[in-house]
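Enquirer: Submitted below is the structure of interest, expressed as structure tokens.
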Amino acid sequence: MKLPLLAAALACVSFAAVADEADVRRALEARLGKVEKIVKAPIAGMWEVTVDGQILYADDKGTFVLIGNLLDMKTGKNITAERQFTALPLELAVKQVRGSGKNIMVTFEDPNCGYCKKLAKDVLTLKDVTVYTFLLPVLGDDSFEKSKAIWCAPDKSKAWVDWMTAGKAPPVAPAKCDLGGLNKSAQLGAKLRINGTPAIFFANGERVPGYISAAEIEKRFSGMGG
């Protein structure tokens, strides 16, 4: 069963009493499926657990599971969202670095998305930014073919920028190109329940479901001390 379907049922699920990480993992996997990662949570007696790409929390005895965002009331930080951000497999993304690259953002984009092209042009004006773009071809077969060509290009970043900002299409992907990373990128978008492009994520965990201007992006970086 998928995690979203279990949200109500798992608000207070009872498992057999357990004592350590291995036992907590086994108890959770018996009910939720494969546990991708388990570490101590920043709350005494709790574990932070990743299942199906989503973060949840289990108590130290495996008696209860909590689904939702963990907030640090002293700092105002959304710990869950920040963890989700840092867990993203950035090796699957097209990477652009401008200036020092100190400000980081992640996008999910379709190569045929008009607002994604507008965002791509805005990115060219940003200073001191690193942008990781996951290819998410959701607008049909042509989007997949363009994503495949960009993914298989010798310089993915250049191919992406050339297409999105200047309309210069990359060469057709060679028959032997490994599309495993592109497929994983699309699967990640599904796990994160991204239903439209662009989708933007910031290092503080903020998720923006749609286009925002370069000025708005800079405001967010400034708010994070960038």
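The values are calculated or read from the model by the stated rules, or taken from the named source; none is laboratory data. This structure is a prediction, so every number in the text was calculated from the model and none was measured. Every residue, glycine as well, gets a Cβ built from its backbone with ideal geometry; the counts of neighbours run over all protein chains shown.
Enquirer: Which residues, counting only those in region 180-208, are at pLDDT 95 or above and part of a loop (DSSP other than H, G, I, E, B)?
Expert: Within region 180-208, THR197, PRO198 qualify.
Enquirer: Does region 33-53 contain at least one residue that is at pLDDT below 85, under 21 Å from the mean Cα position of the chain (by Cα) and closer than 30 Å to VAL123 by Cβ?
Expert: yes
Enquirer: So which residues in region 68-83 are within 23 Å of VAL106 (Cβ to Cβ) and of a type outside the set (Ser, Thr, Tyr), if there are any at all?
Expert: Just the residues of region 68-83 that are within 23 Å of VAL106 (Cβ to Cβ), to begin with: 68-72, 75-83.
Selection gives GLY68, ASN69, LEU70, LEU71, ASP72, GLY76, LYS77, ASN78, ILE79, ALA81, GLU82, ARG83.
Enquirer: Among what's in region 49-66 and is touching a helix residue (DSSP H, G or I) at 6+ places or on another chain (Cβ under 7 Å) and assigned to a strand (DSSP E or B), pick the residue that is surrounded by the most Cβ atoms within 10 Å (Cβ to Cβ). Step through it out loud before you land on a result.
Expert: Just the residues of region 49-66 that are touching a helix residue (DSSP H, G or I) at 6+ places or on another chain (Cβ under 7 Å), to begin with: 49, 51-55, 58, 62, 64-65.
Right, trim to assigned to a strand (DSSP E or B) and you get 49, 51, 54-55, 58, 65.
On the way: VAL49: 23, VAL51: 23, GLN54: 19, ILE55: 21, ALA58: 27, VAL65: 24.
Result: ALA58.
Enquirer: Can you tell me how many residues within region 209-225 are surrounded by 15 or more Cβ atoms within 10 Å (Cβ to Cβ), outside any helix (DSSP H, G or I) and modelled with pLDDT under 95? Explain how you work it out, then say what you get.
Expert: Of region 209-225, the ones surrounded by 15 or more Cβ atoms within 10 Å (Cβ to Cβ) are 211-212, 214, 217-218, 220-221.
Those still in the list that are outside any helix (DSSP H, G or I) too: 211-212.
With the extra rule that they be modelled with pLDDT under 95, the set shrinks to none.
Residues meeting the conditions: 0.
Enquirer: Right, something else. Could you tell me whether GLY140 is within 19 Å of the chain's Cα centre (by Cα) and on the phi > 0 side of the Ramachandran plot?
Expert: Numbers: within 19 Å of the chain's Cα centre (by Cα): no; on the phi > 0 side of the Ramachandran plot: yes.
So GLY140 fails the test.
Enquirer: Of the conditions (1) at negative phi; (2) surrounded by fewer than 20 Cβ atoms within 10 Å (Cβ to Cβ), GLY205 clears all except one; give me its number.
Expert: Result: GLY205 passes all but (1).
Enquirer: Just need a number here: residues in region 85-125 that are assigned to a loop (DSSP other than H, G, I, E, B) and surrounded by fewer than 16 Cβ atoms within 10 Å (Cβ to Cβ). Spell out how you get there, then give the answer.
Expert: Of the residues in region 85-125, the ones assigned to a loop (DSSP other than H, G, I, E, B) are 87-89, 93, 99-102, 110-113, 124-125.
So of that shortlist, the ones also surrounded by fewer than 16 Cβ atoms within 10 Å (Cβ to Cβ) come out as 87, 89, 99-102, 124-125.
Number satisfying all stated conditions: 8.
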